[in-house]
1. Per residue, how much accessible area does segment 56-103 show when a 1.4 Å probe rolls over the protein heavy atoms, in square angstrom?
2. Using a probe of 1.4 angstrom, how much of the accessible area of segment 9-92 is carbon and sulfur, in percent?
3. Give, as a single signed number, the net charge of other residues whose beta carbon lies under 11 Å from the beta carbon of ILE55, with Lys and Arg counted +1 and Asp and Glu -1.
4. With no solvent and one equal point scatterer placed on each C-alpha of segment 29-101, evaluate the Debye formula and give log10 I(q)/I(0) for q = 0.15, 0.16, 0.19, 0.27 Å⁻¹, two decimals.
5. Under a Cβ-Cβ cut-off of 12 Å, what is the net charge of the residues other than LEU19 that fall near it, where Lys and Arg count +1 and Asp and Glu count -1?
6. Quick one: which of 67-73, 46-52 comes out on top by average Cβ neighbours within 10 Å, and what's the full order, highest first?
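The values are calculated or read from the model by the stated rules, or taken from the named source; none is laboratory data. Only a predicted model underlies this, so the values are computations on that prediction, with no experimental measurement involved. Note that we place each Cβ from the backbone using ideal geometry, even for glycine, and neighbour counts take in every protein chain shown. Just so you know, the surface numbers come from the protein's heavy atoms only, side chains and all, with ligands and any DNA or RNA stripped out. Shrake-Rupley method; radii C 1.70, N 1.55, O 1.52, S 1.80 Å.
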Amino acid sequence: MQMVQEQGTFPVTTLQIILEGQDYPKTEIVFSEFADKYLVLITQMNKVGTFTLAIPGPDSSPASNRVILGDRDDMTGPMFATQVMLAIMSTKPVVVGLGLQDKQSLGKSLVEDTVRAVCDMAGGRRSQQVDGLDRT
């Protein structure tokens, strides 16, 4: 995992990281914290195609999760949005944009490494019950 760059804190804090795993292609993650929500872009193609919005419930569990742009039948975006929200224990909505090369690259290690990287970028706020994947 390699931190690429950190940009200023006003008006938006943005961090960028590149993951290079054995089981998946180079994956770039951009994490931005806005006053009212988080934006997480996960791409292997330098672009994103599907955006998912996860809105937290009263106890930081996902109350709703829906694709707002892109393939509404693909459950990859909602899965990533839910995992990110639970892992960082967000009380703000989380928007996740995905651009994965193919479904073959979507394995347990990519999901765990991505969620761990987002937790690190979010300041280490990590749920004790969540270790990369929601195992409930």
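1. Working: 2270 Å² over 48 residues.
With the other protein chains kept in place, segment 56-103 gives 47 Å² per residue.
2. Details: 2360 of 4300 Å².
Solvent-exposed carbon and sulfur of segment 9-92 make up 55 percent of the total.
3. Working: positive: LYS37, ARG66, LYS92; negative: none.
Around ILE55, the charge tally is +3.
4. -0.42, -0.48, -0.67, -1.25
5. Values: positive: LYS26, ARG116; negative: GLU20, ASP23, GLU28, GLU112, ASP113, ASP120.
Summing Lys/Arg as +1 and Asp/Glu as -1 gives -4.
6. Numbers: 67-73: 13.3, 46-52: 16.3.
Ranked by mean Cβ neighbours within 10 Å, highest first: 46-52, 67-73.
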